[in-house]
Amino acid sequence: MKKILTLAAAAAVLCSCGNNENRYVVEGNLEGINETVYLFDRQQQLLDSAKVENGAFRIEGVAEAPASAILTDARDMRGTFGVMLILEPGTITVARSEQEQNALFATGTVSNDANTAYMTAGSELIREFRDPETTDERREAIEEEYEELGSQTLEQNRNNYFGVVMLSQQAYGLSGQEILDEIALFPAELQQTGEMTKIRENAEQKLKTDVGQPYIDVVQPDANGKEVSLKSVVENPATKYVLLDFWASWCGPCMGEVPHLKKTYGEFHDKGFEIYGVSFDNNRDKWLAAVKDNGMDWIHVSTLGGFDNQAAKDYAVQAIPTNLLIDREGRIVAKNLRGEALYEKIGELLK
């Protein structure tokens, strides 16, 4: 086996030297896979590779600090399988799920076992939710159970790296200060990992966009290439409230919000409600087709750069849909109003 790439320990990933206490092994025996497996970090940088013999493979390395990684059997990451695992001391075994033949899990260390337990429990809830025989009442209960599963899993894994992974996922629904408070509950060594550093930086930026804070201006081109500023919309005398909406045509949950946006816009636009939509699309035609085909008759801008968007950085947007409601004084008065909550909030404010 040949080490393909060595990264510095300061980057909280792998290096090719170190003591045995930090050594890990990733192994498995999977039928029908390609002749080589590849190990990537979360930035899709190649860490290592190994030949496959009769389905069996083995990769050894050193984790100076725990980190998430992806194992797959294609250099372009489009192989027959892909599985997320956590590199940490110990032997990590990749195997197919007994319940779902197409699902793969990594086990053998504390963080990977915790990840597998969470994924298994979550899969069972999702399977029940999708069952045609499941009642609407039970589906509502499942949604609550799924949220509770995430919260409990975070609470139970603050002493290992999977807790950091869970906090990254849970951070979407937390304020900047709430995220910082969560970080403080982790051991010092986990607070210093690369992933936690990113979470902290995001939280500190998010503090600047919490409810009560002044909005940050956005200036991006519309469909005709004309730059339109959020400031010009907020300061328009006819505007009382502006919804800054981050979305994309390829985002299913975003498109699921469109009927609620249309309903609220149709009801309250003449009373002072406006929407300033920032698309994270990369394809101009798909962006504009979604706007036209769905009758989204409000303001739309995009740099067509996906998440590589200055507004995403300014507002600490890590997932979409995300929205912020801004009043005529330029203050953020609400965040992430989904479904009927948007209609109810605007109706309350403009009654």
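The values are calculated or read from the model by the stated rules, or taken from the named source; none is laboratory data. Everything quoted here is computed from the prediction, not taken from an experiment. Here Cβ is always computed from backbone atoms with ideal geometry, including for glycine, and neighbour counts include all displayed protein chains. Areas reflect the complete protein model, heavy atoms only, side chains present, ligands, DNA and RNA absent. Shrake-Rupley method; radii C 1.70, N 1.55, O 1.52, S 1.80 Å.
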Matching residues in the stretch 224-237 (surrounded by 14 or more Cβ atoms within 10 Å (Cβ to Cβ) and part of a loop (DSSP other than H, G, I, E, B)) number 0
So, residue 152, is that one open to solvent by 70 Å² or more (accessible area, probe 1.4 Å) and farther than 17 Å from residue 110 by Cα or not? no
Out of the stretch 37-80, which residues are surrounded by fewer than 16 Cβ atoms within 10 Å (Cβ to Cβ), in contact with an Asp or Glu (Cβ under 8 Å, 6 or more places away or on another chain) and part of a strand (DSSP E or B)? 51, 56
In the stretch 71-88, what residues are of a type in the set (Ser, Thr, Tyr) and modelled with pLDDT of 95 or more? 72
For the subset of the stretch 294-314 comprising residues that are open to solvent by 40 Å² or more (accessible area, probe 1.4 Å) and in a loop (DSSP other than H, G, I, E, B), which member is farthest from residue 226 (Cα to Cα)? 294
Of all residues being open to solvent by 40 Å² or more (accessible area, probe 1.4 Å) and either assigned to a helix (DSSP H, G or I) or modelled with pLDDT under 95 (or both) in the stretch 239-263, which is farthest from residue 320 (Cα to Cα)? Just the residue, please. 263
Is there any pair linking a residue in the stretch 130-144 that is among the β-branched types (Val, Ile, Thr) to one that is surrounded by 12 or more Cβ atoms within 10 Å (Cβ to Cβ), with Cβ under 7 Å and at least six apart or on different chains, and which? 134/128; 142/125; 142/128; 142/129
So if I check each of 270, 217, which one is out of contact with any helix residue (DSSP H, G or I) (no Cβ under 9 Å at 6 or more places or on another chain), surrounded by fewer than 16 Cβ atoms within 10 Å (Cβ to Cβ) and acidic (Asp, Glu)? 270
